[in-house]
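Accompanying notes for the structure given below.
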């Protein structure tokens, strides 16, 4: 197993694992709910807004809302004995068994239909009677501001600046120090609803939510959405759960897709690799849509295409790698010093300084997704075709430059191999579209540019002695992004250079044979990416290994690896960005689109290969 640096932090007393959280969302924002019944993360009114509950990155005093069986003062709230999603939905069911009975809590955020964001929590008695406690302690601006709490017309309101939360429930409560407390008894067959609605503080009061109707509507929404999915292979449950999660990360009003709904969950416990992922990366969004498209979704691709056209406008030469949900370009990175960080992992950051990086692979990922959409029958769009040509021109102008790579390294620009290969992909897909009569462009010039990029990569990035491509020109280091070689078509999957590269990455970056690291960060490699410390294994890279093994003829190994990776999911079927093979727990922002789409894409690829005639085994 891979050995990571020793932990140097002191975790807080209450330190749930990242995988102890379940996700609910309304296609505009999301909340994370711990196994102990506490909502510890929720940004309102949208993914990239300030958090109202930020206990995930600090303590309960930074904002939380716990509903759980009552325990004596000073005793930690018990973890639910069972929890699950209600069918193929984003409704969480948690059950506690107590000495006096069993209780169930249903958590959901209904997709918006003319109303603002709502977080609804329904308490149901299953057997016997159970004493319950609800403690709602919102803290606005990422846990910094205590609200003014008051009652009006039987409703509880918490106000801070422009933000107001309205709590509706039939249970009488009390307020103390900016928190609202409810104590009640739930008996078998009874249920009590708590509905929390966000509204701008100057606006009229929102309507009182109908919790029962919201439950039915939310279940019906997800049931209807799942019906369009066409995956029919093994492991349906994890695949469908992955696709539901990807859908939950889409922003319905704009078509944008966030990389994750959280910020600053660490890539190393106690470390500084803590980043804000609540934005729309062009790369991440494009690859997310590839997973959705391959499983029957079309609306999301059309919506994101419109988002892309609005965001890039007529000036793709000033391309950024990421944008806000509404297409805005500004997201200055700053630190929230009042938050202690998840298990002491500081700093907590909002915004992302990587926005100014040059990442030359991005046009390739975008064009590849648009090409896939065309291949799968998404209606043609003349504006999209013009955008592709402008992106190809961007590649023509910039491909010879060093860049910051797919991994957003902060250690200086280099001629990263993956970036160059994706420049080749951008031109290659444009060539194919011209040949199909979709694009109107100088075919000879495109073919010549494609050949020029290909020749340079093969000459500058291939280590003939070791039979592997390397991370960058002239380097001896490897990079997990090289596993994408057989998917891109840059070389045939059975080319000895491709097979050699896959084997080298597996040998050097996956020492346990399962979990793949992006690149090495230990020993002489410390600080080479511009950052101190290390990180966990990158889960997407491990799914890339599944794909690479399958495409190079080793399907049995790919299937076995895929089975092992499925075991790393949380009990709710979710994956963070990384995994610590020593502590055996998830790391990084959660749930991570990259990891969830990696699972779905690998499952689809394996099923496609099963349905074909057996391929000859290639001996490495």
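Since every read-out is calculated from the coordinates, none of them should be taken as a lab result. Fair warning: this is a prediction, and the values are worked out from it, not measured in the lab. With ideal geometry, Cβ positions are generated from the backbone for all residues, glycine too; neighbour counts draw on all protein chains shown.
Odds and ends about this structure:
- For the chain, the longest principal axis of the C-alpha atoms and the axis of helix 282-294 are separated by about 90°.
- Going by neighbour counts of Cβ atoms within 10 Å, the residues 240, 388, 33 line up, fewest first, as 240, 388, 33.
- Degrees, to the nearest 10: 539-551 long Cα axis against longest axis of the chain: 40 degrees
- Cα long-axis angle, helix 362-375 against the chain (0 to 90 degrees, to the nearest 10): 90 degrees
- Convex hull (Cα only) mean projected area of the stretch 530-620, reported in nm² to one decimal: 7.4 nm²
- Shape call, the chain: gyration tensor on alpha carbons, a/c limit 1.5: prolate
- Anisotropy class of the stretch 22-204 from Cα gyration tensor, a/c 1.5 cut: prolate
- Taking every DSSP helix (H) stretch of at least 4 residues in the chain, weighting each as -39,500 (n - 2.57) and dividing the sum by the residue count yields a mean residue ellipticity at 222 nm of -10000 deg cm²/dmol.
- Centre separation in Å (Cα based) which lies between the stretch 132-172 and the stretch 305-370: 32 Å
- Oblate is the label for the stretch 219-335, because the ratio a/c of its alpha-carbon gyration tensor axes (a ≥ b ≥ c) is 1.5 or higher and a/b is not greater than b/c.
- Ranked by how many other beta carbons lie within 10 Å on average, peptides 538-545, 491-498 from highest: 538-545, 491-498
- Burial ordering of 348, 302, fewest other beta-carbon atoms within 10 Å first: 302, 348
- Residues 20, 444, sorted so that the one with the fewest Cβ neighbours within 10 Å comes first: 444, 20
- When only Cα pairs below 8 angstrom with a gap of at least 6 residues are kept, the chain shows a relative contact order of 13 percent.
- Summary of packing: across the peptides 202-208, 225-231, the per-residue average of other C-beta atoms within 10 Å ranks them, highest first, as 225-231, 202-208.
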